[in-house]
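Since the structure comes first, as structure tokens, the remarks are kept for the end.
The values are calculated or read from the model by the stated rules, or taken from the named source; none is laboratory data. This structure is a prediction, so every number in the text was calculated from the model and none was measured. Here the Cβ is made from the backbone with ideal geometry for all residues, glycine too, and neighbour counts use every protein chain on show. Calculation scope for accessible area: heavy atoms of the full protein, side chains included, ligands and nucleic acids excluded. Shrake-Rupley method; radii C 1.70, N 1.55, O 1.52, S 1.80 Å.
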Amino acid sequence: MNDKQKNLLLSKIVLKGDKQKDIAEVLNISNQALQNKLNGTTGWSQADIMALSKRYELTPDEEHDMFLT
């Protein structure tokens, strides 16, 4: 995940009033595993993307911009 993608996702998290620990709980992963995803060390699974899309009501374009570019 590049900086632009990370910033797009983090902006959605902030707008919803969530913290990164909330996202880790939604994805059922540790805070460190979330950091690895945000830093691009590990990738996002389809289940991760679907869960985040549902929670933040992402449009298909937003999903693409955050996870597929």
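Using a probe of 1.4 angstrom and keeping all protein chains present, the accessible surface of the chain works out to 64 square angstrom per residue. Our summary gives the chain a relative contact order of 43 percent, counting only alpha carbon pairs under 8 angstrom and 6 or more residues apart. Here is how the number arises for the chain: DSSP H runs of 4 or more residues each give -39500 (n - 2.57), the sum is divided by the residue count, and the result at 222 nm is -18500 deg cm²/dmol. Applying 1/(1 + (r/R0)^6) with R0 = 22 Å to the Cβ-Cβ distance of Gln32 and Leu8 gives a FRET efficiency near 0.50.
Dipole check for the chain: with +1 at the C-beta of Lys and Arg, -1 at the C-beta of Asp and Glu, and the Cα centre as origin, the magnitude is about 220 Debye. Annotation: amide H of Thr42 within the under-5 Å range of Lys37, sequence separation 5 or more or interchain, hydrogens built in the peptide plane. For the chain, the spherically averaged projection of the C-alpha convex hull amounts to 3.9 nm². In summary, no aspartates and glutamates lie within cross-link reach of Lys19, defined as a Cα separation below 16 angstrom excluding same-chain residues under 8 places away. Surface composition of the chain: carbon and sulfur make up 49 percent of the accessible area, probe 1.4 Å.
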